[in-house]
Amino acid sequence: MGTYKVLVTIQNKPEISDPEGSTILTDLVLRSGTDDITEIRCSKGLRFSVSAESSQVAMEKVKQICDELRIYNPLVSIAEFSMV
């Protein structure tokens, strides 16, 4: 059994507004004179350290925890899972 790190990235679905990303774009990036950036979307990341038999089992454990505990709202958010 090993220890695996799983990163969960949660962000709003594309059709849901992202006020934080819009503020960063308009108030910081565009005001700095950088006009080739067209969109910024914010997300939050959670890093889990998991003891498991394999990376696949670790990933499945984290997905199950996120779904059961409603770590994110699947109606408005997307969760992406990756090994770190």
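Just a few scattered comments:
- Where strands (runs of 3 or more DSSP E) sit wholly within the chain, those with at least 3 residues that are open to solvent by 70 Å² or more (accessible area, probe 1.4 Å) occupy 43-52.
- Pair list, Cβ under 7 Å, 6 or more apart: the range 45-56 residue within 9 Å of Thr3 (Cα to Cα) and modelled with pLDDT of 95 or more, other residue open to solvent by 50 Å² or more (accessible area, probe 1.4 Å) and outside any strand (DSSP E or B): Val50/Lys61; Ser51/Met1; Ala52/Met1; Ala52/Lys61; Glu53/Met1
- Sole exception among (1) within 19 Å of Pro74 (Cα to Cα); (2) in contact (Cβ under 8 Å) with a residue 12 or more places away in the chain for Ser17, by number: (2)
- Taken together, the residues in the range 36-58 that are under 17 Å from the mean Cα position of the chain (by Cα) and of a type in the set (Ser, Thr, Tyr) amount to 2.
The values are calculated or read from the model by the stated rules, or taken from the named source; none is laboratory data. Being a predicted model, the structure only gives us computed values, none of them experimental. Glycine also receives a Cβ, built like all others from the backbone with ideal geometry; neighbour counts cover every protein chain displayed. SASA here: full protein model, heavy atoms, side chains in, ligands and nucleic acids out. Shrake-Rupley method; radii C 1.70, N 1.55, O 1.52, S 1.80 Å.
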